[in-house]
Structures are given as structure tokens and as C-alpha cells.
Amino acid sequence: MDNPGDDDSKQQQQLHVVMYPWIAYGHWIPYLHLSNKLAERGVRVSFLLPKSAQVRLDKDNRYPHLIRFFPVAIPHVDGLPPGVETNSDVASHLVGHLFSAFDKTKHQVQTYLTDLNPDLVFYDLAHWLPALGGFKSVRYSIVQPVTQAFFLTPSRELHKEKNSVEAFMQPPPGFPSPSIRLKRHEAQRFAPFLFSKFGDLSFYDRLTTSLREADAIAVRSYREIHGPIIDYLAQEYTKPLLLTGPLLPKASPAADHQSPEDEKWVSWLNKFEADSVVYCGFGSQTTIDKDQFQELVLGFELTGLPFLVALKPPHGCATVEEALPEGFEERVQGRGMVNGGWVPQLQILQHPSTGCFVSHCGGGSVWESLANDCQIVLIPLEFEQTMGARFLIEELQVAVEVERGESMWVSKESLSKAIKQVMDGGSTVAGGLKRNHAKIRALLSSKDTEHTYMDNFIRGLGVLLESN
Ligand SMILES: C[C@@H]1O[C@H](OP(=O)(O)OP(=O)(O)OC[C@H]2O[C@@H](n3ccc(=O)[nH]c3=O)[C@H](O)[C@@H]2O)[C@H](O)[C@H](O)[C@H]1O
């Protein structure tokens with residue numbers, strides 16, 4: 001096992017941490033990546049999550065002798081369909097009820113923590129967790145750091161401005177990235193979301209409370225990528241700010257370890273030339289309207305390129321098949337695929353045939369696109385994704401955003417235009433994006449860099465444990 005030194009490994013062998021992220025795959029997956037990296041160094045991890053999620057995540061647990069899953073039952077609350085256990089199971093207008101159910105797991109979590117007696121607990125949206133006491137708490141942010149810096153820092157006091165679109169659009173004092181701004185229509189759409197009730201408190205209060213109550217804050221990034229943002233966060237919070245880096249698994253499971261389901265996608269992609277296929281995924285939670293779904297798939301058809309679209313069935317449809325436009329399947333036979341279920345996104349992005357990723361700019365998808373060599377086209381849907389998209393486009397200059405008006409509608413023409421722009425190997429735009437992306441990818445593929453960040457992260461945890 002790869003330990004940096006005897007003393008460290010002895011301390012790490014004694015280190016026992018609990019993970020309790022928000023009940024969504026966009027949170028469980030990065031928390032499991034961190035768990036694997038901690039377990040690689042001998043740290044024991046107890047991961048609390050609903051049973052149904054464990055079934056999907058089990059295969060990605062690289063150290064089952066050190067990482068143990070413990071089931072949490074998500075209580076039923078009025079307004080939630082029966083059996084709901086994750087953000088992927090509910091429509092966005094019901095998420096507030098899901099937070100109420102999540103908050104009702106407090107007593108189960110208290111019992112686990114009493115029995116397990118961990119040194120540290122990692123969490124994000126359970127704002128009530130640090131107060132349970134008896135451990136050091138680390139608020140592990142897996143969303144885009146630029147969003148946390150723009151909206152959530154202590155000096156921002158957004159709650160005093162919440163009825164002002166003007167104020168919502170303005171960066172907080174000292175914010176380091178002048179190119180990162182919200183457009184008026186985006187601010188008008190996103191402000192109500194941030195101040196909507198999620199359980200007994202607003203989403204904004206949940207986020208700021210969970211940051212304020214933590215003994216330390218951890219951020220899923222590298223200084224080389226978000227340096228000025230990280231420095232700004234460090235000066236805003238009077239507590240340790242630790243960096244884990246993206247911690248993506250280096251390679252998907254070897255071919256002989258692939259499930260038949262995963263193998264299906266790899267063999268489909270094998271039919272196409274290198275860098276020729278356009279892949280589209282909007283994460284584990286997003287459900288879009290039927291008319292926009294149809295316009296998007298017509299946009300992929302319009303490109304004339306091979307495509308693989310992995311989107312959940314749109315609102316009002318049980319399957320993607322019933323939502324497809326008339327004659328679409330016949331026209332794209334052999335070139336295009338639309339799938340309504342779960343796909344092995346990381347393996348698809350790692351496949352040599354995948355040349356473009358049309359993404360909603362979710363936190364996990366951002367790192368997965370940066371770590372691979374496909375071109376990046378963005379259609380951000382939520383405020384956190386919009387801020388992340390601005391960062392990739394304006395600061396890193398590795399992506400383009402599909403042109404949309406204030407309605408946020410994506411036309412088939414604008415989607416096709418953005419894809420063909422980045423897929424045109426001869427264009428200066430595509431070449432520039434590729435050059436900038438290659439530098440980021442080289443950084444993310446460096447094992448030495450990852451080791452250095454994890455060494456510093458573990459040492460930071462040690463200092464935190466020694467502090468009173
Ligand atoms: C914090 C919140 O998490 C949300 O997660 P969401 O699931 O939307 O998207 P990702 O972060 O890309 O996470 C989705 C994760 O699921 C994986 N996946 C998804 C669908 C599928 O079919 N197959 C897969 O392997 C994908 O590879 C990624 O790792 C958003 O970010 C949101 O912006 C952010 O505020």
C-alpha cells in the first residue's frame with residue numbers, strides 16, 4: 001500500500017472517518033472517490049447512505065475491507081412519493097420535501113456516530129451535523145468553487161439582498177474573477193431558487209450554516225486551477241481550508257471487469273472513428289421538458305455526426321422512446337442512440353471514439369470532462385452550473401456555451417452550431433480550446449500532483465485533529 005511514511009501510515013491506520021453527503025449521485029460519487037484515496041492510505045471509512053444507492057456504488061468501492069457502507073433509511077414525509085431515497089428519484093419541485101426527509105435522518109446518524117465513534121465526519125448539506133458533537137467536522141464541497149466564492153462567503157450577506165436582482169448579480173467585495181458574472185435573466189431565475197425553503201430553512205441558509213458550523217472546509221480542486229478563488233475563500237473563512245483535488249479514478253475497470261451493461265456501450269462506441277462521437281449527459285438529477293428534449297435530439301441529428309444521448313425521460317414521459325420525434329429513430333439508425341437510463345459516463349468519456357461532451361456543467365461532469373480529451377459544449381441549467389460554465393469558458397477557455405436567449409430555450413440550430421464549431425478540427429476556436437484543455441488534462445493526469453495534494457490533505461486533517 002502506498003504510504004508516505006511509517007509515522008503517517010500509523011496515524012492513518014488509526015484514522016477513522018464517516019462520510020454523510022447529500023443523498024444524490026452527484027455527491028456520493030465524489031465522496032466515494034475521496035474514500036478510495038483515503039483508504040489507499042490505510043484510513044478506515046464508514047459511509048452512510050440509502051441501501052439502493054449502495055447497490056450502484058458497490059462496484060466502485062476499491063477497498064471494501066476499509067470502506068464499509070451503512071444503510072440509512074430515508075423517512076417518508078408528506079408530499080414525497082413512497083420509497084424515494086435520492087435526488088434522482090424526485091422532480092425538482094419536490095426537492096424541498098426530500099430535504100425534510102433527509103433532516104429526519106438526524107437520529108439515525110446520531111446513533112451511528114455514537115456506535116462508530118469516528119475521528120472526523122465529512123458532510124455537505126446536513127447543516128445540523130456538526131452540532132451532534134464528539135468529532136471534528138469537515139464540510140466537503142464538491143460543487144464548483146466559483147459558486148461558493150460568489151454567493152456563500154461570510155462577507156456576502158446575500159440574505160440581506162435577496163429581493164434585489166441587481167445585488168444578486170454583483171460579486172462580493174474582493175471577488176477575484178472579473179469575468180464571472182450572472183446575466184440579469186439568470187439572476188431573476190436563480191435568486192428564488194437559492195431562497196426557496198428546503199426543509200425548515202432556505203437553501204441559502206442551509207449552505208451558509210453548513211459552512212459556518214464546520215471545523216474545516218475541504219474543496220475538490222487544485223490551486224493550479226482555482227488559485228485566486230481558493231485564496232479568496234481562505235481569507236473569507238477563519239478556519240482551515242483543505243484541498244483534495246478532483247480525485248478521479250485513473251481508468252475505468254479493465255475490460256474483463258466490465259459489467260455486460262457497461263460492455264454494451266463500449267462495443268457500440270467501438271464502431272466509430274476516434275474523436276467522432278458526440279456524447280450528451282445532464283447528470284443524475286436533471287429532467288427536462290418534452291419539447292426541449294425533442295429539440296435537443298433534433299439538434300444532434302442536424303449535426304450529421306454520430307451521437308449518444310443519455311437523458312432521463314422528459315416530464316410527462318415514462319420512456320425516452322415515447323418522447324422521440326416522429327421518424328427520428330429510423331432516420332438516425334446506426335448513427336445515433338438515445339438512452340433514458342444510467343450509462344457508465346466515465347468510461348464513455350474515456351473511450352477514444354468520444355470527441356465531444358455536451359454537458360449541463362454539473363460539478364462531477366466538469367472534472368470528468370477536463371480529465372479527458374473530448375471537446376466541451378455547455379448547457380448549464382442551474383445557478384451553480386452557470387457559474388461553473390462561466391469559469392470554464394472565461395477563465396480556463398476550454399469550452400463553449402450553446403447560445404440561448406432569455407428564455408433559456410436551446411434551439412436545434414444553436415446546439416448543432418456549437419457542436420460543429422468545436423468538432424471542426426481546422427478551426428482556430430477548436431484548436432484553441434484543445435490546447436488549453438490539454439494543459440488542464442496533463443495536470444489532472446499527474447499522479448505526483450494528486451499524491452502531493454493528498455499528502456497535504458491528510459496532514460491538514462492531522463493538524464485539525466490536534467487542534468482543540
Ligand atoms: C452538487 C450538485 O450535484 C449535481 O449532480 P448531477 O448528478 O446533476 O451532475 P454531476 O455533478 O455531473 O454528477 C453526476 C455523476 O453521475 C455520473 N453519471 C450520471 C448519469 C449517468 O447516467 N451515468 C453516470 O455515470 C457522472 O459521471 C457524474 O460522476 C450537479 O452537479 C449540480 O450542479 C450540483 O449542484
Separation in nanometres of the label points that stand 7 Å from Cα toward Cβ, at Leu465 and Leu302: 5.7 nm
Proximal lysines relative to Lys183, as straight alpha-carbon distance under 17 Å, when same-chain residues fewer than 8 apart are discounted: Lys162
Pairwise Lys count, the stretch 1-141 - Cα closer than 29 Å, eight or more residues apart or different chains: 15
At R0 = 22 Å, FRET efficiency that the Cβ-Cβ distance of Val165 and Asp373 yields, to 0.05: 0.05
Packing rank of 222-232, 28-38, where each peptide gets the mean count of other beta carbons within 10 Å, highest leading: 28-38, 222-232
Count, lysine Cα pairs under 25 Å in the stretch 255-444, 8 or more residues apart or across chains: 17
Efficiency of FRET from Cβ geometry, Lys250 and Ser427, R₀ 35 Å, rounded to 0.05: 0.65
Farthest positive-ward along the chain dipole, Cα basis, beta-carbon charges - from Pro64, Phe272, Leu125: Leu125
Residue-averaged [θ]222 nm for the chain, counting only DSSP H segments that reach four residues, each worth -39500 (n - 2.57): -12500 deg cm²/dmol
Protection proxy ranking, peptides 355-366, 238-249, average beta carbon neighbours within 10 Å, highest first: 355-366, 238-249
Antiparallel bridge percentage (DSSP; both residues within the chain; nearest 5): 5 percent
Angle between the chain longest axis and helix 203-213 axis [Cα atoms, degrees, rounded to 10]: 40 degrees
FRET efficiency estimate (nearest 0.05) - Cβ-Cβ, Ala234 to Glu329, R0 56 angstrom: 0.60
Mean Cβ neighbour count within 10 Å, used as a protection proxy, ranking 108-121, 325-338 highest first: 108-121, 325-338
Kirkwood-based shape ratio for the chain, expressed as Rg/Rh from alpha carbons: 0.94
For the stretch 255-444: relative contact order, % (alpha-carbon pairs under 8 angstrom, 6 or more apart): 23 percent
Computed magnitude of the charge dipole of the stretch 255-444 (debye, nearest 20; Cβ of K, R +1, Cβ of D, E -1): 520 debye
Taking the chain and dividing mean pair separation by its residue count, relative contact order in percent (alpha carbons under 8 Å, at least six apart): 14 percent
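Every number here is computed from the coordinates shown, using simple stated rules; none is lab data. Since the structure is predicted, the reported quantities are computational estimates derived from the model, not experimental observations. Counting neighbours? That spans all protein chains shown, and the Cβs are built from the backbone with ideal geometry, glycine included.
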